[in-house]
Amino acid sequence: MRHTTVGLLEFDRARATPGVTIITPLQGKATYLVGMKGEVLHHWDHPLKPGNYAYLLANGNLLWAGETVEGPSPGGGRGGLLREYDWDGNVLWEYQDDAQHHDFCRLQNGNTLYIGWEKMPKEAQARMVGAEAGTEDDNGDTWSDYLREVSPAGETIWEWHAHSDMQIEDYPLHIMSTRKEFLHCNACTELPNGDIMLSFRKNSMIIVVDKKTKKVSKQWQDKAWGQQHDCTLLENGNVLFFANGIHVPGGVFHSKVIEFDWDSGDEVWSYTGSPPWSLFSPNISGAQRLASGNTLICEGLHGGVIEVTPEGDIVWEYVSPWFVKTLRGPNNGVFRAYRYAVESPQIAGRVSLASSY
């Protein structure tokens, strides 16, 4: 929706899922925990604007990325500084790689995985298929993605490189994309068996990388997804993600949240705005399946967060009030948002919803 007000817009107490929602404004320097009435229950301050977002670890600490001024910038989503904070804002761990971008995650083994940019070797760049010719960066280069796993001590444990671990010719880019980047990874998620699920924007594709062999073991792709963001494995074994809805066949501009079957890739559930164009974020954004069965959706470009039932009813809606003036006008964008139950390990009773629910 295009809003004339901010903060809490909708709250159906009977059907909304109790908890606190974490929001990191893309243009600000803080992370907030928001209650069900839209009140700020806790916050962390940061030295930099975010390298997209932050989320809570199971121990209640905050894992955050900040945007450094160094490093490449072939597309949106720059990061560079990874930090873990305790509840009181003390820095417990820090790691810097100015090429880090978009996503990161704390692995089951305690290490941290993140996405980074690197220049493609010219021989690899020459093998690229698709996109608009002559749209490399100003130096004629194309940037590709790598994954790096680092230990708490900052040691590199494992790496994966798209340009060498994928068969480049098998992954053509969308004709309306540029050749500044090969694939443009925007999400990385560890699966229970240790393999890694990735979302690639440039060709509307989600894959699984076998951690041991570094080969693609699973692949789903659909141009109708419109260069999606986020991808998570649900407890039922399906995959949930935010289909942004740009550069799609037919030119229908709206977004959609989709759950698909792991084996067949068939869509088993989806949410579209009513009317469809009322939910549309051409970039960023994400979705989270809640314990109640409802789905929390971040319509990132407009700073909107909604909770919908399986039937598609909106039972909670909030618009970020944290605007910053930019060259393109006021911006309240949010990369992702997550909801945590008060009794969850992440919150563990540190805040109370007694006054807001």
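Values for this structure:
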item	result
Point-to-point label distance, Ser217-Phe323, nm (Cα→Cβ direction, 7 Å offset)	4.8 nm
Qualifying aspartates and glutamates (Cα of each under 17 Å from Cα of Lys180; at least 8 residues distant if same chain)	Glu118, Glu123, Glu132, Glu136, Asp137, Asp138, Asp141, Asp145, Glu169
Environment charge at Asp98 (Cβ cut-off 10 Å; Lys +1, Arg +1, Asp -1, Glu -1)	-2
5 angstrom amide H check on Phe280, placed H, neighbours 5+ away	Ser255
Set of lysines near Lys212 by C-alpha distance (under 29 Å), chain-local residues within fewer than 8 positions excluded	Lys119, Lys122, Lys202
Among 290-301, 112-123, the order from most to least packed when residues are scored by Cβ within 10 Å on average	290-301, 112-123
Segment 59-180: C-alpha gyration tensor shape, a/c 1.5 cut-off, then a/b vs b/c	prolate
Three-way shape label, segment 4-67, alpha-carbon gyration tensor, a/c 1.5	oblate
Distant-in-sequence amide H partners of Ser344 (H built 1.01 Å from N, under 5 Å)	Gly349
The chain - charge dipole about Cα centre, Lys and Arg +1 at Cβ, Asp and Glu -1, debye rounded to 20	600 debye
Value at 222 nm in deg cm²/dmol, rounded to 500, when DSSP H runs of n ≥ 4 in the chain each add -39,500 (n - 2.57)	-500 deg cm²/dmol
Three-way shape call for segment 101-258 based on the alpha-carbon gyration tensor, with the a/c threshold at 1.5	oblate
Cα-projected label distance for Asp313 with Glu235, points at 7 Å along beta-carbon direction, nm	2.2 nm
In Hz, Karplus ³J(HN,Hα) per residue of segment 90-105 (6.51, -1.76, 1.60; θ = phi - 60°; x = Gly, Pro)	6, 7, 9, 7, 8, 8, 10, 9, 4, 8, 5, 8, 6, 10, 6, 7
Within straight-line cross-link reach of Lys49, aspartates and glutamates at Cα separation under 20 Å, skipping those fewer than 8 residues along the same chain	Glu67, Glu70, Glu84, Asp86, Asp88, Glu94, Asp97, Asp98, Asp103, Glu299
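Read the figures in this text as sums done on the coordinates, not as results from a lab. Values in this document were obtained by computation on a predicted structure and should not be read as measured data. Positions of Cβ are generated from backbone atoms using ideal geometry, with glycine treated the same way; all protein chains shown enter the neighbour counts.
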